[in-house]
Structure formats: structure tokens, C-alpha cells
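A.B. asks: This structure is in C-alpha cells; I'll ask about it shortly.
No value in this document is a laboratory result; all are computed from the given coordinates. All values derive from a computational prediction rather than experimental measurement. Cβ placement follows ideal geometry from the backbone for every residue including glycine, while neighbour counts extend to all protein chains displayed.
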Amino acid sequence: MAKYDPKSKNNTCVFCEIVAGRIPANIYWQDDEFMAFLSIDPNTEGFSCVIPKKHYGSDVMKMPDDVLQRFIIAAKKVAGVLERYFEDVGRVGVIMEGTGIDHAHIKLSPMHGTGYMKKGEWKQILSGKEFWFPKYEGWISSGGGPMADGEKLKLLGENLKKISD
Ligand SMILES: [Zn+2]
């Protein structure tokens, strides 16, 4: 088997190969429908992927409602595993982006340094950085950007409301 390169544009579905057991992965949770494994290129310890065993395209917001509901609940269970394992993790960030591999996946990012949240404490943590993305660059940020123009925001909100169900 060729060495698996997560950055390659190979057309075979890597996640389906993991489900089939043809590509090894550090799978640590699964049920009949979903599984979770450690990312091989994590940006923090314990960074994980939760995937459906059946192939769905990577736009999670287009999944059938009932599958998506169970998928989110699976991710919740996996987040619980990460919080139980890492003493300093009281919250797990959830990312559904899907531009690296075209098989539905939820990325779970253990938020190290938030262990106090296990005791029900909450405190504001801001990055202190501002980003603005005129176009998608292969990653999304949960942080804020510069303060928006209030009138432009109001107009955008009104326009969105016009086409909302
Ligand atoms: Zn697949």
C-alpha cells in the first residue's frame, strides 16, 4: 500500500478505507454507525475525527436530518471521552468544515487549559487576535474580526431575513 499522505489529492476515500480497515487509524470509539480516531496531523493533543461508517459527502449540513442528529450525538459521546481522559480539558471545540477529505467528518479539538470548566466554572477567553477572510483559505477561525459597520450588518440581516423560512 502506498504511504498515506493526508495532503494528497488522491481520489480514493481515505475515511472509507479506514472504515474498511485497509488504512490503519487509532480508532478509540465506535458504535454501529460512527467511529472516532485520532488525527494523524493534530494541532493539539487528542485532536480527533468522528465519521459515519457509511460514506456521506463532506457537507455535513446536507446530511439527512436523522443521520445528522445521531452524528452529533456520537460526537458528544466522543467529546466526553476526551474530557474524561484529559484532566486539563473541560470543553471540546467542534468543527464541521469538510474541505480536506470528502467524507462527512466532525473534528473535535480538546481545549487544553479549560479543565476548570468540569466544575461548572466559565470564564471568557478571547484570542486577542483579529482575522478577516475575504475568501476561504482552507481553515476557519472561531475568533472574531474587526468590528463591523453597524448599518451594513443591519442591511445584511434584513436581506437574510427576507429569504429565511
Ligand atoms: Zn468515504
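A.B. asks: Taking amide H positions as placed 1.01 Å from N in the peptide plane, with prolines and chain starts having none, which residues 5 or more places from His103, or on another chain, fall under 5 Å of its amide H?
C.D. replies: Here Ser58 satisfy the definition.
A.B. asks: Per residue of the stretch 135-145, what does 6.51 cos²θ - 1.76 cosθ + 1.60 with θ = phi - 60° give for ³J(HN,Hα)? Whole Hz please, x for Gly and Pro, Karplus curve as stated.
C.D. replies: My calculation for the stretch 135-145 gives 8, 5, 10, x, 7, 10, 10, 8, x, x, x Hz in order.
A.B. asks: Name the lysines eligible as straight-distance cross-link partners of Lys62: C-alpha to C-alpha under 23 Å, and not fewer than 8 places from it in the same chain.
C.D. replies: Once the sequence-local lysines are set aside, what remains near Lys62 is Lys9, Lys53, Lys54, Lys76, Lys77, Lys107, Lys135, Lys161, Lys162.
A.B. asks: What do you get for the angle between helix 65-85 and the principal long axis of the chain? Use alpha-carbon atoms, 0 to 90 degrees, nearest ten.
C.D. replies: With rounding to tens, the tilt is 80 degrees.
A.B. asks: So what is the relative contact order for the stretch 1-157, in percent, with contacts set as C-alpha pairs under 8 Å and at least six apart? Spell out each step's value before the answer.
C.D. replies: Working: 211 pairs, mean separation 28.4, N = 157.
Answer for the stretch 1-157 is 18 percent.
A.B. asks: Roughly how many Å is it from the Cα centre of the stretch 118-136 to that of the stretch 6-66, as a whole number?
C.D. replies: 26 Å
A.B. asks: Based on the alpha-carbon gyration tensor of the stretch 14-119, what equivalent-ellipsoid semi-axes (square roots of 5 times the eigenvalues) come out, in whole Å, largest first?
C.D. replies: Sorted largest first and rounded, they come to 23, 15, 12 Å.
A.B. asks: Would you please put 145-152, 107-114 in order of how densely packed they are, using the mean number of other Cβ atoms within 10 angstrom per residue and starting with the highest?
C.D. replies: So the peptides 145-152, 107-114, ranked by packing, come out 107-114, 145-152.
A.B. asks: Under 16 Å from the Cα of Lys123, which aspartates and glutamates turn up, not counting those fewer than eight places away in the same chain?
C.D. replies: Partners found: Asp88.
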